[in-house]
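Read the structure below first, then the notes.
Derivation of every value follows stated rules applied to the coordinates shown; laboratory data play no part. Computed from a prediction, not measured in an experiment: that's the story for all the values here. Virtual Cβ from ideal backbone geometry, glycine too; neighbours counted across all protein chains shown.
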Amino acid sequence: MRTAMRSAVDPAPAFELHVSERAAAAVRRLRRVLIGFALAGWLLAAPWFSGAAWGLWLAAGALLAAGAGWQARRAGPSNLSCGRLYIDEQGLASWRPVGGHVGLVAVQRWSAGERLVWLRLAGHRAAPRIDLLLVREAVGDEGWRRLRSWLLWLGRGTQ
């Protein structure tokens with residue numbers, strides 16, 4: 001992680017990216033649809049179970065639901081963040097959530113594709129984990145080029 005002394009109040013960005021709520025809303029819709037498909041498949045399988053197998057089928061469903069709930073609780077908040085990502089001329093990043101204050105962040109994990117970039121930023125104590133989903137069409141061509149160049153410069157992207 002590159003570090004340098006600078007003010008978190010005035011990031012003086014070389015460029016900034018606006019991360020909107022639309023990507024987070026699309027991911028939430030996708031999760032709901034997948035849960036709906038899983039529930040429909042589980043219910044469609046019910047006619048093949050009769051007698052004693054019916055109880056096993058219900059027990060298996062309860063175990064699956066408990067496991068999914070435990071995994072979701074363990075993973076913590078799964079919402080994507082919205083706000084502005086500032087990158088200064090030294091390549092250091094700052095994050096300003098909607099209605100919040102600017103804080104210095106560092107890229108912890110990432111996944112860069114042709115049209116999507118997912119970033120997990122390590123922030124300060126108030127927001128230790130910030131997940132961003134950046135879509136090429138929402139960022140624009142110039143913003144996308146700068147984002148990809150920044151990730152390459154950090155050694156966290158592909159050409």
### Message
As an exercise, use a Förster radius of 30 Å and the Cβ-Cβ distance of A38 and E137 to find the FRET efficiency, rounded to the nearest 0.05.
### Response
0.55
### Label-point separation, R96 to H124 (7 Å along Cα→Cβ), nm
1.4 nm
### Task
Could you compute the FRET efficiency for E89 and R109, with r as their C-beta to C-beta distance and R0 at 41 Å, rounded to 0.05?
0.95
#### Entry: Full-stretch length increase - W57, L30 - with 0.36 nm per residue and alpha-carbon distance subtracted
7.1 nm
